[in-house]
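Reviewing the structure listed below.
The values are calculated or read from the model by the stated rules, or taken from the named source; none is laboratory data. The structure presented is a predicted model; accordingly, all values stated were derived computationally and were not measured. Every residue, glycine among them, receives a Cβ derived from its backbone with ideal geometry; neighbour counts consider all protein chains shown. For accessibility, only protein heavy atoms count, side chains too; no ligands or nucleic acids. Shrake-Rupley method; radii C 1.70, N 1.55, O 1.52, S 1.80 Å.
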Amino acid sequence: MTVTETLYLPGDEYQKTFDAEVQESEDEYVVLDRTLFYKEGGGQPADRGTLTWENGHTHVIDVQKEHGEIRHYVKDTPPEDTAVRGEIDWERRYSHMRMHTAQHVLSRVALDLYGAETEGNQIHADRSRIDFDIQLTDQKVTELEQRTNEIIENDLAVKKSQMERERAEDETPEGRGLFNLIPDSVDPLRMVRIEGFDLCPCGGTHVDSTGELEGLKIVERESKGSRIDRVEFELE
């Protein structure tokens, strides 16, 4: 099993290209020794992009972690030991970065205002959603949106770092950790801190400041059963 170095962690999400070597080459995927491509997980879709090598070029259409390996699914596979240049689809990556940070802000606002915890989320480039363990009213949705936009306008720094698990569990606010879902063997943890506002473990890609979100609009609210409401949002 090949262990791939993830170059965007803990906080280098703004890189767009990288050099790597093919460690495994199968009919549908390759495993690289290092990568900038985000694998699907945590409600965030995988990155897409291209791999280029001498006399060859292919599109990366999906990235998954399977059997402990980060597999880059491609249309054409280069041979093992081939040196490749990877380039991510930056527009897609940056959209996901903005959306994922917005999800953190909105989730923390809901926790602060109503004690509502996030039960699930799904990030997309154009619209994203969060499930809260609360029944929302129109007034509460308006308050959520207004407070979230205040945090965005304050242009708070978003910092990503590795932190020992024990310290992370001590410092993470109640309702923002979900440590029971993270295997005990994962230590240290990659943490995302919004300065003076939020801290939680997360392996996703994020922007460097809330100001990059520009503005958030909640466009739909839907009941998903007893005490679970879903909100969908867009960014300017």
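Output the number of residues of the range 1-55 satisfying the condition of being surrounded by 13 or more Cβ atoms within 10 Å (Cβ to Cβ), assigned to a loop (DSSP other than H, G, I, E, B) and at positive phi.
Selection size over the range 1-55: 2.
With of a type in the set (Ser, Thr, Tyr), within 27 Å of Arg230 (Cα to Cα) and touching a Phe, Trp or Tyr at 6+ places or on another chain (Cβ under 7 Å) as the only criterion, which of Thr205, Thr172, Thr142 stands out? It would help to see each step written out before you state the result.
Numbers: Thr172 fails: touching a Phe, Trp or Tyr at 6+ places or on another chain (Cβ under 7 Å); Thr142 fails: touching a Phe, Trp or Tyr at 6+ places or on another chain (Cβ under 7 Å).
Matching residue, one of Thr205, Thr172, Thr142: Thr205.
Taking Gln139 as the residue in question, decide whether it is outside any strand (DSSP E or B) and closer than 18 Å to Pro173 by Cα. I'd like the intermediate steps shown before the answer.
On the way: outside any strand (DSSP E or B): yes; closer than 18 Å to Pro173 by Cα: no.
In short, no.
Return a yes/no flag: does the range 154-161 have any residue that is free of Cβ contacts under 8 Å to residues at least 40 places away in the same chain, of a type outside the set (A, V, I, L, M) and farther than 19 Å from Thr205 by Cα. Talk me through it step by step, then tell me what you get.
Within the range 154-161, the first condition is being free of Cβ contacts under 8 Å to residues at least 40 places away in the same chain, and the residues that meet it are none.
Scanning the range 154-161 turns up no residue that is free of Cβ contacts under 8 Å to residues at least 40 places away in the same chain, of a type outside the set (A, V, I, L, M) and farther than 19 Å from Thr205 by Cα.
Looking for whichever is in contact (Cβ under 8 Å) with a residue 24 or more places away in the chain and either among the aliphatic types (A, V, I, L, M) or in a loop (DSSP other than H, G, I, E, B) (or both) here; the options are Pro173, Pro183. Which one fits? Talk me through it step by step, then tell me what you get.
Values: Pro183 fails: in contact (Cβ under 8 Å) with a residue 24 or more places away in the chain.
Unique residue meeting the criteria: Pro173.
Output the residues belonging to the range 204-236 that are closer than 22 Å to Trp90 by Cα, open to solvent by less than 40 Å² (accessible area, probe 1.4 Å) and part of a loop (DSSP other than H, G, I, E, B).
Gly204, Thr205, His206, Val207, Gly215
Glu164: acidic (Asp, Glu) and either open to solvent by 50 Å² or more (accessible area, probe 1.4 Å) or without any contact (Cβ under 8 Å) to a residue 60 or more places away in the chain (or both), yes or no?
Values: acidic (Asp, Glu): yes; either open to solvent by 50 Å² or more (accessible area, probe 1.4 Å) or without any contact (Cβ under 8 Å) to a residue 60 or more places away in the chain (or both): yes.
Here the answer is yes, as Glu164 does meet what is asked.
For the range 1-33, what are the residues that are farther than 17 Å from His67 by Cα and out of contact with any Gly (no Cβ under 8 Å at 6 or more places or on another chain)? Please lay out each step first, then the result.
If we filter the range 1-33 for residues that are farther than 17 Å from His67 by Cα, which is where we start, we get 7-22.
Listed by number, the residues that qualify are Leu7, Tyr8, Pro10, Gly11, Asp12, Glu13, Tyr14, Gln15, Lys16, Glu21, Val22.
Against the definition (modelled with pLDDT under 95, within 21 Å of the chain's Cα centre (by Cα) and not acidic (Asp, Glu)), how does Gly49 come out, yes or no? Working first, answer last.
Numbers: modelled with pLDDT under 95: no; within 21 Å of the chain's Cα centre (by Cα): yes; not acidic (Asp, Glu): yes.
No: the conditions fail for Gly49.
Scan the range 211-227 and report the pairs whose first residue is closer than 20 Å to Arg147 by Cα and whose second residue is among the small types (Gly, Ala, Ser) and surrounded by 13 or more Cβ atoms within 10 Å (Cβ to Cβ), with Cβ atoms within less than 6 Å and a gap of 6+ or a chain change.
Leu213/Ala102; Leu216/Ala102
Out of the residues in the range 64-122 that are surrounded by fewer than 17 Cβ atoms within 10 Å (Cβ to Cβ) and aliphatic (A, V, I, L, M), which is nearest to Lys224 (Cα to Cα)?
Leu113
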